[in-house]
Amino acid sequence: MSASAVFILDLKGKVLICRNYKGEVDMAEIDHFLPLLMQQEEEGLLSPVIVHGTVNFLWIKHSNLYLVVITNKNSNAALVYTFLYKLVEVFTEYFKELEEESIQDNFVVVYELLDELMDFGFPQTTDSKILQEYITQEGTKLEVAKTKVPTTVTNAVSWRSEGIKYKKNEVFIDVIESINVLVNANGNVMSSDIVGSIKLKTMLSGMPELRLGLNDRALFALTGRDKGKSVAMEDVKFHQCVRLSRFDSDRTISFIPPDGESELMSYRINTQVKPLIWIESVIERFSHSRVEIMVKAKGHFKKQSVANNVEVKVPVPSDADSPKFKTTTGHAKYVPEKNLVVWTIKSFPGGKEFLMRAHFGLPSVENDEAEGRPPITVNFEIPYFTVSGIQVCIVLQLAGWEGYA
C-alpha cells in the first residue's frame with residue numbers, strides 16, 4: 001500500500017487532523033486537494049483518485065468529512081480504499097458517529113488510533129475489538145499495569161485475546177443475502193445476482209477450533225458428490241481468521257473465531273433470480289393538468305414467509321405537485337427533493353397483492369422525455385429465508401468435547 005500520509009478534512013478543506021507516516025511528501029500538498037476536487041465537480045469528471053504533479057490523492061467522503069490518503073508512489077488503490085473504509089468503521093465503533101465534532105472532541109484518541117492502524121504507510125492493527133483493549137476514551141484514568149499492549153497484537157491469533165471464559169459456550173450463525181434484480185418494462189429479467197454474507201456471534205472459552213461446512217458446488221465436485229442441491233459461489237472473501245491454505249487445498253473452512261460478532265465470509269452468486277416482490281405500474285397523463293399512477297405489488301414467495309419493511313420507490317415528474325394517495329395497505333408519502341413517492345408496507349405476507357394509487361397536479365408534461373423514466377425500486381427484508389438455498393453446518397472443537405450445529 002505504502003501511504004505517505006493520512007488527512008481528515010472538513011468540507012471547507014480545513015485539516016482537522018493528519019498523520020505523516022513516511023515524511024516523503026510535503027504536507028502542504030493537501031492545500032491543492034479541495035480546489036482540484038471542486039474543479040472536477042464543475043467539469044462533471046469527478047474521480048476517486050486526483051493527481052497533482054507527482055502526488056496522488058485517494059479520498060472518500062463520509063458525513064461532513066473528507067478522508068484523504070496522499071502517496072507519491074504507484075500504490076495499490078484497492079488496498080488504500082479498503083483501509084479508508086476500515087478507518088471509518090473503527091472510528092464509528094469508538095465514537096458511534098464519525099463527523100467533524102467527534103474528531104474534535106476525541107483528538108488524542110484519533111491520533112493514537114492513526115498511530116496503531118498504520119505503521120510506515122502499511123496497515124497494521126485494524127480490528128476495533130483489539131484496539132479497544134489498549135486505546136480507550138478514558139486514557140487518563142488507566143492504571144500503569146493496564147497500558148501494556150495486549151499479546152493479541154503480536155500474537156499469531158491477533159484477532160482473539162487469550163484467557164476468554166464463558167459459563168456457557170454458544171455460537172450463533174446468520175446467513176444474510178441481498179438480491180439485485182433489474183427488470184425491463186416488458187417484465188423480462190435483464191440481470192440478477194445474489195450477494196451474501198455469513199455472520200457469527202461466538203461466546204466460546206479459550207481458543208476454539210471451528211469448521212464450517214457449506215453445500216459448495218466446488219466442494220461437491222472435489223468429493224464426487226451429487227451437485228443437485230449445491231450452490232456455485234464467486235468472489236468469496238474471508239475474515240483473516242480463516243486458514244486460506246486449507247480452503248485452497250480441500251475447500252474446508254477452518255478457523256479460530258474472533259470473540260463476539262464478526263463477518264466470517266461474503267460471497268456472490270451469479271444466477272437467474274425472479275423478483276420476490278413483483279411490481280406492475282400504470283401511468284396515465286392528462287395533458288398539462290395531472291398524472292395518475294397505479295402500482296400493484298405482489299409477493300412471489302412462500303405464504304409462510306413475510307417480507308418486512310417493504311419500500312416501493314416510484315419516480316414522479318420533477319414539476320409534480322398537490323399529491324393525493326390511496327393504498328390498500330401501508331402508507332405513501334411524497335419526497336419532493338428526490339422526485340419520488342415512497343410506499344411503505346411494514347408487513348407483506350407471501351402470495352398477497354396490494355395496490356397504491358397516486359394523483360399529482362402537473363403544470364407541464366413537456367419535459368417528460370428530457371427527464372427520462374427512472375426505474376421503480378423495491379427494498380425489503382425476509383427473515384429466515386435464503387434465495388440461494390445455501391446450507392450451513394458448523395463443527396466446534398473445544399478442549400474435551402466436540403459439537404455440531
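The values are calculated or read from the model by the stated rules, or taken from the named source; none is laboratory data. Fair warning: this is a prediction, and the values are worked out from it, not measured in the lab. Cβ coordinates were reconstructed from backbone atoms using ideal geometry, including for glycine residues, and neighbour counts include every protein chain displayed. The accessibility values were calculated without ligands, DNA or RNA, using every heavy atom of the protein model including side chains. Shrake-Rupley method; radii C 1.70, N 1.55, O 1.52, S 1.80 Å.
Quick check on this structure: which one of S281, S287, S230 is of a type in the set (S, T, Y), over 30 Å from G163 (Cβ atoms) and out of contact with any strand residue (DSSP E or B) (no Cβ under 8 Å at 6 or more places or on another chain)? Lay out the reasoning, then the answer.
Values: S281 fails: out of contact with any strand residue (DSSP E or B) (no Cβ under 8 Å at 6 or more places or on another chain); S230 fails: out of contact with any strand residue (DSSP E or B) (no Cβ under 8 Å at 6 or more places or on another chain).
S287 is the lone residue from the list that is of a type in the set (S, T, Y), over 30 Å from G163 (Cβ atoms) and out of contact with any strand residue (DSSP E or B) (no Cβ under 8 Å at 6 or more places or on another chain).
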Exercise for the section: Collect the residues in region 232-277 that are assigned to a strand (DSSP E or B) and surrounded by fewer than 13 Cβ atoms within 10 Å (Cβ to Cβ), keeping them in residue-number order. Expected result: E234, D235, K237, G260, E261
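Take E93 and decide whether it is more than 17 Å from the chain's Cα centre (by Cα) and free of Cβ contacts under 8 Å to residues at least 60 places away in the same chain. Show your work before the answer.
Working: more than 17 Å from the chain's Cα centre (by Cα): no; free of Cβ contacts under 8 Å to residues at least 60 places away in the same chain: yes.
No, not satisfied.
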Practice task
Please determine, by comparing only the residues of region 25-47 that are open to solvent by 70 Å² or more (accessible area, probe 1.4 Å) and part of a loop (DSSP other than H, G, I, E, B), which one is farthest from K73 (Cα to Cα).
Solution key: L45
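I need a count of the residues in region 48-64 that are in contact with a helix residue (DSSP H, G or I) (Cβ under 6 Å, 6 or more places away or on another chain) and surrounded by 16 or more Cβ atoms within 10 Å (Cβ to Cβ). I'd like the intermediate steps shown before the answer.
Our first condition is that a residue be in contact with a helix residue (DSSP H, G or I) (Cβ under 6 Å, 6 or more places away or on another chain); within region 48-64, this holds for 50, 52, 55, 57-58, 60, 62, 64.
Of the ones still in play, those that are also surrounded by 16 or more Cβ atoms within 10 Å (Cβ to Cβ) are 50, 55, 57-58, 60, 62.
Residues in region 48-64 being in contact with a helix residue (DSSP H, G or I) (Cβ under 6 Å, 6 or more places away or on another chain) and surrounded by 16 or more Cβ atoms within 10 Å (Cβ to Cβ): 6 in total.
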Practice task
Inspect all residues belonging to region 210-226 and state whether any of them is open to solvent by 80 Å² or more (accessible area, probe 1.4 Å) and either within 23 Å of the chain's Cα centre (by Cα) or in the same structural domain as V314 (by the TED database) (or both).
Solution key: no
Practice task
Could you list, in sequence order, all residues of region 287-299 that are surrounded by fewer than 20 Cβ atoms within 10 Å (Cβ to Cβ), touching a Leu at 6+ places or on another chain (Cβ under 8 Å), on the phi < 0 side of the Ramachandran plot and of a type outside the set (K, R)?
Solution key: S289, V291, M294
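Conditions tested, residue by residue: (1) of a type in the set (F, W, Y); (2) part of a strand (DSSP E or B); (3) buried (at least 16 other Cβ atoms within 10 Å of the Cβ); (4) in contact with a His (Cβ under 9 Å, 6 or more places away or on another chain).
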| position | (1), (2), (3), (4) |
| --- | --- |
| I279 | no, yes, yes, no |
| F301 | yes, no, yes, no |
| V310 | no, yes, yes, no |
| K326 | no, yes, no, yes |
Exercise for the section: Could you tell me whether N186 is free of Cβ contacts under 8 Å to residues at least 40 places away in the same chain and either open to solvent by less than 40 Å² (accessible area, probe 1.4 Å) or in a loop (DSSP other than H, G, I, E, B) (or both)? Expected result: yes
Practice task
Report, by residue number, each residue of region 67-111 that is in contact with a Phe, Trp or Tyr (Cβ under 8 Å, 6 or more places away or on another chain) and part of a loop (DSSP other than H, G, I, E, B).
Solution key: L98, N106
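Please note which strands (runs of 3 or more DSSP E) are completely contained in region 345-402 and include at least 2 residues that are modelled with pLDDT under 85 and touching a strand residue (DSSP E or B) at 6+ places or on another chain (Cβ under 7 Å). Quick ask: steps written out before the conclusion?
Details: elements: 353-361, 377-381, 392-398.
Filter on region 345-402 gives 392-398.
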